[in-house]
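Notes for the one structure printed next.
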Amino acid sequence: LVSCGDFDGNQLSRESEFKNFKLRNYLKRWINLKKVFNSTQTWTKMNDIKHAKPTTTGMEDMLQKCGLKLEGRHHSGIDDAKNIASIVIHMLKSGFKFN
């Protein structure tokens, strides 16, 4: 999973508790784009990235730095997902390795 911030991943965990369903392990971890964008750092432990500082102010800043336009409406779930996917694709084409 990839998100722009930690809110969505944490919210997924809160929702699973509230609705009493078991969250699969692969849904308990995510990559926060704010922390890895413009970073050449390689993290060897999950804990290192949890404590890393964001390298950007947010999705609109990342889109601008990638030369991409904001599509749709900011904070609309589907539009944010599409914009985040565009950023991820741009990062992959630039040689960034998500691991």
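The values are calculated or read from the model by the stated rules, or taken from the named source; none is laboratory data. Keep in mind the model is a prediction, meaning the values are calculated, not measured. Neighbour counts run over all protein chains shown; Cβ positions are idealised from the backbone, glycine included. Surface accessibility is based on the protein's heavy atoms, side chains included, excluding ligands, DNA and RNA. Shrake-Rupley method; radii C 1.70, N 1.55, O 1.52, S 1.80 Å.
So that you can scan it fast, the table gives a plain yes or no per residue for (1) of a type in the set (D, E, K, R); (2) open to solvent by 70 Å² or more (accessible area, probe 1.4 Å); (3) not in a helix (DSSP H, G or I):
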residue	(1), (2), (3)
Asp61	yes, no, no
Lys65	yes, yes, no
Leu68	no, no, yes
Glu71	yes, yes, yes
His74	no, no, yes
Asp79	yes, no, no
Ile84	no, no, no
His90	no, no, no
Lys97	yes, yes, yes
Is there a residue being at pLDDT 90 or above, under 14 Å from the mean Cα position of the chain (by Cα) and open to solvent by less than 90 Å² (accessible area, probe 1.4 Å) anywhere in the stretch 40-59? yes
Could you grab the pairs with beta carbons closer than 9 Å, sequence gap of 6+ or different chains, first residue in the stretch 1-30 and part of a helix (DSSP H, G or I), second one of a type in the set (A, V, I, L, M, F, W, C) and exposed (fewer than 12 other Cβ atoms within 10 Å of the Cβ)? Glu15/Phe21
